[in-house]
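Have a look at the structure below before the remarks.
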C-alpha cells in the first residue's frame, strides 16, 4: 500500500473575495450529473495554503461581478509534487460543471506515478526515511 505524499499548495481564488469561492480535491465524478454535485471529494479552503495530495485533481470555483448578477468560473488543476499547480481546464458561465466534467474524468483515469524524487541526493532521501523511523544502510 502506497502512502500519499502531501504538499503545501497555495490554493487560488477563481472569483473575487466578495462572492462564493471554494475548492475541492476531486476523487470521483458522477457522470450522470451535470452540476457541481457531480464532483466527490473533500473541500479545501481557497485563497491560502493547504496540504493536498501530490498528483490529485483540484477543482476551484468562484464568482465575480455584481452581487445581483455574479458570473461563475471554474478551474481544474493537477497538484504537482513540487507544490505547484498545472492548469488543465477552465470554464465560465452556468454550464461550468458540465464543461469541466469530461476533463476531470480524463485526469482521474490517468495512471499517475508517485512523485519523481530522482533529483534529490541520496543523503536527503536517507535522512527523510530515518526521520520517519526507518533504518537505512548504504548498499
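The values are calculated or read from the model by the stated rules, or taken from the named source; none is laboratory data. Every value quoted in this text rests on a predicted model; they were computed, and no experiment measured them. Positions of Cβ are backbone-derived with ideal geometry, glycine not excepted, and every protein chain shown enters the neighbour counts.
Quick one: residue 136 ticks every box in (1) out of contact with any helix residue (DSSP H, G or I) (no Cβ under 6 Å at 6 or more places or on another chain); (2) loosely packed, with under 14 Cβ neighbours inside 10 Å bar one, so which box is it?
(1)
Working only within the stretch 74-102, note down all residues that are surrounded by fewer than 15 Cβ atoms within 10 Å (Cβ to Cβ) and not in a loop (DSSP other than H, G, I, E, B).
86, 87, 92, 98, 102
Which number in (1) part of a loop (DSSP other than H, G, I, E, B); (2) surrounded by 12 or more Cβ atoms within 10 Å (Cβ to Cβ); (3) without any contact (Cβ under 8 Å) to a residue 60 or more places away in the chain marks the one condition that residue 71 misses?
The failed condition is (1).
If a residue has to be closer than 21 Å to residue 16 by Cα and at pLDDT below 95 to count, how many in the stretch 80-91 make the cut?
Qualifying residue count, the stretch 80-91: 0.
Among the listed residues 60, 26, identify the single one that is closer than 15 Å to residue 108 by Cα, in contact with a strand residue (DSSP E or B) (Cβ under 9 Å, 6 or more places away or on another chain) and buried (at least 16 other Cβ atoms within 10 Å of the Cβ).
26
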